[in-house]
Amino acid sequence: MNQKSLIPPWEESQPLHRLETQTQFLPDEGFGEGSSTASGAHNDISLELSESQMSTQSPYDYPVAPEPPPLDKPLNPSFDMQKWTNDYQYLAAALYQADLDKSGYSPENEVQHITTTYSLVYNLNISDEVLQQAMHAAHNENLGEIDLEYFIIHLQDLHIKEMQSA
C-alpha cells in the first residue's frame, strides 16, 4: 500500500498544520521559544524527584563504617566522630590489603608503618601511645605478627577513649 494514500486529502495541502498537530502532545524540553517557563518547571520537577529519591534507600546501600561504641562521656567538641570513622575505614582497608596471603595477620613494622602513614594523611590523630597499646594487645605470640581484625577494633576503641578523656 502506498504511504501517500494513508494521508487524507484535506491534510495533503497543509503539511505544516499536520506537523503541529503531531507534535502538540510532546513534552516541552525547554529548547523552543518561551522555554524559560517550561524549563523552570522542568527543573522544579527534577529537584522534587531527587529529594524524594534521597529519602528512599536502595537495598544495596549498606553502611560502610561500623557503629561507634556508646560513649560514657561526650567527646571533645572539635572531634567529628562521623568524619573520623569514615576516614578510619581507609586505614582498615589498607591494613587488610597489605595482608597479601589473606591470613589476617601482618608483621608489626608493616602495621605500624601503614597506621602512622594513614593517621598522618587522613588526620586521624592516633597517638603513638594508643598505637603501641593496640599493637601489644593484638600481637599473636605464636606467629609473631599482629591480628589485623583485633588490632583495627582495639585501635578504634582506644582512640575514642583517649578523645573522651581529652
In whole angstrom, and with the biggest value first, how far do the Cα coordinates of the stretch 81-165 range along each principal axis? 34, 23, 16
Taking the Cα centre of the stretch 81-165 as the origin, how large is its charge dipole in debye, to the nearest 20, when only Lys and Arg (+1) and Asp and Glu (-1) carry charge on their Cβ atoms? 340
Spelling out what I want: for every residue of the stretch 90-101, take phi, set θ = phi - 60°, compute 6.51 cos²θ - 1.76 cosθ + 1.60 (Karplus), and round to whole Hz; glycine and proline get x. 5, 4, 4, 5, 5, 5, 5, 5, 6, 7, 5, 8
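The numbers here are math on the coordinates, done by the rules we state, and not lab data. Nothing here was measured: the structure is a model prediction, and the numbers come from that model. In this analysis, Cβ positions are derived from the backbone assuming ideal geometry, glycine residues included, and neighbour counts consider all displayed protein chains.
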